[in-house]
Amino acid sequence: MSSDSFRSITLASSLSELSRARAEILSFIEGHVSEMDASHIVLSVDEALSNIIRHGYGEKSDGLVVLDMHLYDSSFEFTLSDTAPLYNPLENAAAQNEPVDGANGGFGIGVYLRFMDVRYEMNEYGGNRLILKWEKKNEVSTESD
């Protein structure tokens with residue numbers, strides 16, 4: 001696999017790392033997707049990463065998150081691996097619903113489920129692995145004869 005089709009970065013469990021992660025993701029997908037799709041991809045991975053930092057590690061500032069980014073023919077796959085306590089966000093049905101008006105937070109899981117195919121796995125050495133896959137949608141022509 002060429003370096004253009006794979007990139008891996010290790011992030012500290014600090015919200016200050018989110019801007020670096022967003023820049024790396026944008027740099028990786030740039031030129032392969034529309035500006036709107038790029039926004040959706042960056043937002044989705046950012047929300048998943050933010051949840052890991054805030055809720056997975058919480059006060060534990062020495063945790064790490066590894067972000068692996070893969071480019072395939074018509075898709076991107078982003079794998080977030082951590083050693084935080086086990087938590088499968090896909091099992092939390094309430095978190096998948098839209099938050100009520102005035103809610104503080106609760107948007108993250110719903111955001112990335114809207115734009116990505118999401119899979120959860122336990123890491124073989126402990127912790128979590130969240131895989132977010134974005135597939136390019138075939139454009140449907142709306143022209144008629």
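Bear in mind these aren't lab numbers, they're just calculated from the coordinates by the rules spelled out. Not measured: the values here are computed from a predicted model. As a convention, Cβ positions derive from the backbone with ideal geometry for all residues, glycine included, and neighbour counts pool all protein chains shown.
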Here the stretch 23-96 gives, from Cα atoms, an Rg and Dmax in Å of 13.8, 39
The percentage of Cα-Cα pairs in the stretch 1-66 separated by more than 20 Å is 31 percent
Rounded to 0.05, the calculated FRET efficiency for the beta carbons of S27 and E91 at R₀ = 22 Å is 0.10
PRE zone check, label point 7 Å out along Cα-to-Cβ of K137, amide N under 20 Å, scope the stretch 72-92, hits 72-78
Net charge (Lys, Arg +1; Asp, Glu -1) of residues whose beta-carbon lies under 12 Å from that of K60, K60 excluded, is -2
